[in-house]
1. Test of understanding: among Tyr183, Tyr99, which residue is more than 16 Å from the chain's Cα centre (by Cα) and over 30 Å from Gln50 (Cβ atoms)?
2. What are the residues in the stretch 81-109 that are farther than 13 Å from Val60 by Cα and either surrounded by fewer than 21 Cβ atoms within 10 Å (Cβ to Cβ) or at pLDDT below 95 (or both), if any?
3. Hey, can you tell me all the residues within the stretch 112-139 that are more than 13 Å from the chain's Cα centre (by Cα) and of a type in the set (Gly, Ala, Ser)?
4. Would you call Gln126 surrounded by fewer than 19 Cβ atoms within 10 Å (Cβ to Cβ) and outside any loop (DSSP other than H, G, I, E, B)?
5. Where residues in the stretch 1-17 are touching a residue at least 60 places away in the same chain (Cβ under 8 Å) and not aromatic (Phe, Trp, Tyr), which of them is farthest from Ile150 (Cα to Cα)?
6. Output the number of residues of the stretch 119-153 satisfying the condition of being of a type in the set (Lys, Arg) and closer than 18 Å to Asn90 by Cα.
7. Give all pairs with beta carbons closer than 6 Å in which a residue from the stretch 40-51 that is surrounded by fewer than 18 Cβ atoms within 10 Å (Cβ to Cβ) meets a residue that is assigned to a helix (DSSP H, G or I) and hydrophobic (A, V, I, L, M, F, W, C); count only pairs at least 6 apart in sequence or on separate chains.
Amino acid sequence: MYLAKTPAIIQRLWPGYTWRIPTTERVLYLTFDDGPIPVVTPWVLDTLKQYHAKATFFCVGENVQRHPDIFQRILSEGHAVGNHTHQHLNGWKTDAAVYLNNVRQCAGLVPGNLFRPPYGRLRSEQAKALKKNYQIIMWDVLSGDFDRSIEPQKCLDNITRNSKPGSIVVLHDSLKAERNLRYALPALLDFFAGKEWRFEVFSV
C-alpha cells in the first residue's frame with residue numbers, strides 16, 4: 001500500500017523533513033533511488049541529457065562500490081547525489097546504532113548532506129541524529145514505478161496528475177522499476193518540458 005500523493009497532514013506532522021520545495025515557478029525535482037546499476041542508470045542519464053534535465057540520485061553505498069564508474073558519470077554530468085544507506089536498510093526494523101553506522105559507511109562513498117531513508121521509514125531517534133548532518137529529503141509524489149502490478153501509463157499518471165511547482169518526485173533506477181521507468185521517464189520529461197517546466201537539483 002502506498003500513496004501517489006503524500007497527504008498534506010503527513011507533511012505537517014513531520015515538518016523537519018523536506019517534502020517539496022516552496023515555489024510558484026514551474027520546477028520539478030526528479031529523484032532516483034537505489035542505484036547506481038548497469039544498464040538502467042546509464043539509460044536514465046542518457047534520457048535526462050536529451051532534455052537538459054538535472055536530477056538527484058539517492059545512492060546505495062554497496063552499489064556505488066560495485067559501479068564507481070557509473071557513480072562518477074552521475075557527478076560529472078551535473079546531477080546531485082544523496083545518501084540512501086549502505087545496504088538499503090529499513091529504519092523501522094533496524095537498531096539505531098546499526099542504522100547510523102550504515103549511513104556513515106555510505107557517507108564514505110557518497111558526499112554531501114542529502115539523505116533519504118529507504119522506504120521512507122525512519123524512527124525518531126534515527127532522524128534526530130541524522131538531522132545534525134543531513135537534510136532529510138522525502139517526497140510529495142511517488143511514481144509507483146517499483147510496483148510491477150500497475151501498467152506503465154498508471155505510473156506516468158501518478159506523476160502528471162499529482163505534481164505541482166516544487167514537487168519532489170520519486171523514481172527508481174532499479175531492475176524492479178525498469179519496465180515502468182522506461183515508459184514513464186521519457187513521457188514525463190516530454191510532458192513537462194512541453195509546458196516549459198524545468199528539472200533541477202536541490203540547492204544545499
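The values are calculated or read from the model by the stated rules, or taken from the named source; none is laboratory data. Worth saying up front: this structure is predicted, and the values here are computed from it rather than measured. Methodologically, a virtual Cβ is constructed for each residue, glycine included, from the backbone with ideal geometry; neighbour enumeration extends over all protein chains shown.
1. On the way: Tyr183 fails: over 30 Å from Gln50 (Cβ atoms).
So the residue among Tyr183, Tyr99 that is more than 16 Å from the chain's Cα centre (by Cα) and over 30 Å from Gln50 (Cβ atoms) is Tyr99.
2. Trp92, Lys93, Thr94, Asp95, Ala96, Ala97, Val98, Leu100, Asn101
3. Correct list: Gly112, Ser124, Ala127, Ala129.
4. On the way: surrounded by fewer than 19 Cβ atoms within 10 Å (Cβ to Cβ): no; outside any loop (DSSP other than H, G, I, E, B): yes.
Here the answer is no, as Gln126 does not meet what is asked.
5. Here is the first cut: in the stretch 1-17, the residues touching a residue at least 60 places away in the same chain (Cβ under 8 Å) are 2-6, 11, 14, 16-17.
Filter again for not aromatic (Phe, Trp, Tyr), leaving 3-6, 11, 16.
Details: Leu3: 13, Ala4: 12, Lys5: 16, Thr6: 19, Gln11: 26, Gly16: 32 Å.
This residue is Gly16.
6. Residues meeting the conditions: 4.
7. Going by the 6 Å Cβ cut-off, the qualifying pairs are Thr47/Leu185; Tyr51/Leu189; Tyr51/Ala193.
Every residue, every condition in (1) in contact with a Cys (Cβ under 7 Å, 6 or more places away or on another chain); (2) under 17 Å from Trp139 (Cβ atoms), yes or no:
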position: Trp14; (1), (2): no, yes
position: Ile37; (1), (2): no, no
position: Arg66; (1), (2): no, no
position: Asn83; (1), (2): yes, yes
position: Gly112; (1), (2): no, no
